[in-house]
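Since the structure comes first, as structure tokens, the remarks are kept for the end.
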Amino acid sequence: MTSLEDLKVIDAATLFAGPSAAMMLGDFGADVIKIEHPRRGDPSRGHGAAGLWWKTLSRNKRAAAVDLSHAEGQEILRRLAERSDVLIENFRPGTLERWNLDPQDLLKLNPRLIVARMTGFGQFGPMAKRPGFGTLAEAMSGFAAMTGQPDGPPTLPPLALADGIAGLAMSYAIMVALHARERTGRGQVIDMAIIEPILGLLGPQMSGYKALGIVQQRTGNRSSSNAPRNTYRTRDGRWLAISTSAQPIAERVVTLVGRPDLVEQPWFASGHGRVQHVDELDEAVASWIAERDADEVIARFEEVQAAVAPIYDVTDIAEDPQYAALNTFVEVPDDEFGTLTMQNVLFRLSETPGGIRWTGRPLGRDTDDVLGELGYPAERITALRADGVIA
């Protein structure tokens, strides 16, 4: 038994944020039907080497190709919505309404439906109808402005960071709405702007600005909240990351590196105080680490129960014993590769664990099955395919 095996989800979104939310529901057993344009498909099919983004984002989903701009395609979606629990979409505001698929009308067909709307800027406001991607959220949230070296340019992440955060937030929002439905018996509409969830992870920057006039600047690998916190190079050329967010950890680190005198300084008693003396702290830690090989540094840190981790690339991740113990990566059957290694579900439930049943499927692979479940006879399916409504 899986947690969400009785849940029916329509994933009519594209690229990363909405589809990642649907992926997380599918990981725990939801029956997710991925709706794509019959000719273009989801753009994520073309992202990454050999379409590997697609194979991950659309794992555990059934692939149905339906043209929602066509009247008969709209009828297919309405019939799906009547029997589903969740519809996830990320069209620009007004698109569903123009296609005669207004969420309020869908709720009349199925009062228990959750309509999850994911857009760059939300459903209203002066920017609502602009095209929006995660990159713009990383720019507008303050993330890029505070990321990078102090003397360098604002820095964007080399991955779909804002989309991933928004996907996690949307999966949570959907579960909240489903829980509310258990009490009220009614569905509702979720309006999520991609520019907002990443903003919420950047800390109290608005509080600091409004209350104290603080505008956070770029600090490289240092933290504006505690010190020492940085990446440090070892004698054998490896890189390690250290964090001292907790006061006892900070005390253990500076004592280990031969500077117990710093613990006695009044400013050392808080993360904010230590940040004011970050150069002195970094020099003490960096010089001690530079005289030792990485394995020795890690062992010494572990002895005193201080926090340290090696800087990994994917080759290191593949060999790491902790990830292996957690079963973080699994082999999944795939039509193209035979088997494909991908990250497992994000957490482990003791009674109703999730799992990956298959990778992202070819365009329209399950269209006939989905329409058959809706009561479409074989001859009608053939006619719809001939008309270009489905693929």
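The values are calculated or read from the model by the stated rules, or taken from the named source; none is laboratory data. Only a predicted model underlies this, so the values are computations on that prediction, with no experimental measurement involved. Glycine gets a Cβ as well: all are built from the backbone with ideal geometry, and neighbour counts include every protein chain shown. For accessibility, only protein heavy atoms count, side chains too; no ligands or nucleic acids. Shrake-Rupley method; radii C 1.70, N 1.55, O 1.52, S 1.80 Å.
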Using the Karplus equation 6.51 cos²θ - 1.76 cosθ + 1.60 (θ = phi - 60°), what ³J(HN,Hα) coupling, rounded to whole Hz, does each residue of the range 28-34 give in order, writing x for Gly and Pro?
10, x, 4, 7, 9, 9, 8
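Take the alpha carbon gyration tensor of the range 1-89, find the square roots of its eigenvalues, order them as a ≥ b ≥ c, and report rounded if a/c is under 1.5; if not, report prolate when a/b exceeds b/c, else oblate.
Values: a/c = 2.33, a/b = 1.02, b/c = 2.27.
Oblate, because a/c is 1.5 or more while a/b does not exceed b/c.
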Amide hydrogen neighbours beyond the local backbone of Leu15, cut-off 5 Å, H modeled
Ser44
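Given a cut-off of under 8 Å on Cα pairs at least six residues apart, what relative contact order in percent is computed for the chain?
Numbers: 698 pairs, mean separation 76.3, N = 391.
Across the chain, relative contact order equals 20 percent.
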Test of understanding: given the chain, find the longest segment containing no trypsin sites (Lys or Arg not before Pro) that are in a DSSP loop and have at most 11 other Cβ atoms within 10 Å.
40-347
So which chymotrypsin sites (Phe, Trp or Tyr not before Pro) in the range 72-130 are both in a DSSP loop and have at most 13 other Cβ atoms within 10 Å of their Cβ?
Phe124
Rg and Dmax of the range 175-273, Cα atoms only, in Å:
21.1, 63
Work through the residues other than Asp295 whose Cβ is under 13 Å from its Cβ and net out their charges, Lys, Arg +1 and Asp, Glu -1.
-1
Which net charge results when you count Lys and Arg as +1 and Asp and Glu as -1 among the other residues whose beta-carbon is under 15 Å from that of Arg361?
-2
Step through the table entries Lys8/Lys108; Lys8/Lys34; Lys55/Lys129; Lys8/Lys129, compare each Cα-Cα distance with 21 Å, and write down the pairs that go over it.
Lys55/Lys129; Lys8/Lys129
With every protein chain left in place, what is the accessible area of Asp369 in Å² (1.4 Å probe, nearest 10)?
90 Å²
Which one of Tyr209, Thr234, Gly220 has its Cα pushed farthest toward the positive end of the charge dipole of the range 202-248, where Lys and Arg give +1 and Asp and Glu give -1 at the Cβ?
Thr234
The range 271-339 versus the range 215-233: alpha-carbon centroid distance in Å
17 Å
When DSSP beta bridges are limited to those with both residues in the chain, what percentage is antiparallel, rounded to the nearest 5?
40 percent
Given the DSSP H assignment, sum -39500 (n - 2.57) over each helix run of at least 4 residues in the chain and divide by its residue total; what's the result at 222 nm in deg cm²/dmol, nearest 500?
-10500 deg cm²/dmol
HN-Hα J couplings of the range 141-155 from phi, Karplus 6.51/-1.76/1.60, θ = phi - 60°, integer Hz, Gly and Pro as x?
7, x, 4, 5, 5, 9, 10, x, 6, x, 9, x, x, x, 10
Report the accessible area of His179, computed with a 1.4 Å probe over the heavy atoms of all protein chains in place, in Å² rounded to the nearest 10.
120 Å²
Compute the helix-to-body angle for 161-184: its Cα long axis versus the longest principal axis of the chain, expressed 0 to 90° and rounded to tens.
60 degrees
Could you pull out every residue, at least 5 positions away or on a different chain, whose amide H is within less than 5 Å of the one on Thr147? Hs are placed 1.01 Å off N in the peptide plane, and Pro or chain starts have none.
Thr155
For P(r) over Cα pairs in 20 Å bins from 0, in percent, one of [x] 26, 59, 14, 1; [y] 23, 45, 23, 8, 1; [z] 23, 48, 25, 4, 0 was computed from the structure I shared and the rest are decoys. Which label?
[z]
Sequence of Ile88, Ile356 when ordered by accessible area, the most exposed leading, probe 1.4 angstrom
Ile356, Ile88
Top positive-direction residue, dipole computed over the chain with Cβ charges, set Ala286, Gly185, His37
Gly185
Distance between the range 49-98 and the range 177-195 - C-alpha centres, whole angstrom
19 Å
Among the GluC sites (Glu not before Pro) within the range 290-327, which fall in a DSSP loop and have no more than 14 other Cβ atoms within 10 Å of their own Cβ?
Glu291
First check a/c for the range 229-310, with a ≥ b ≥ c the square roots of the eigenvalues of its C-alpha gyration tensor; if it is under 1.5, answer rounded, and if not, answer prolate when a/b is larger than b/c or oblate otherwise.
prolate
Using Cα pairs under 8 angstrom and six or more residues apart, how large is the relative contact order of the range 49-172, in percent?
17 percent
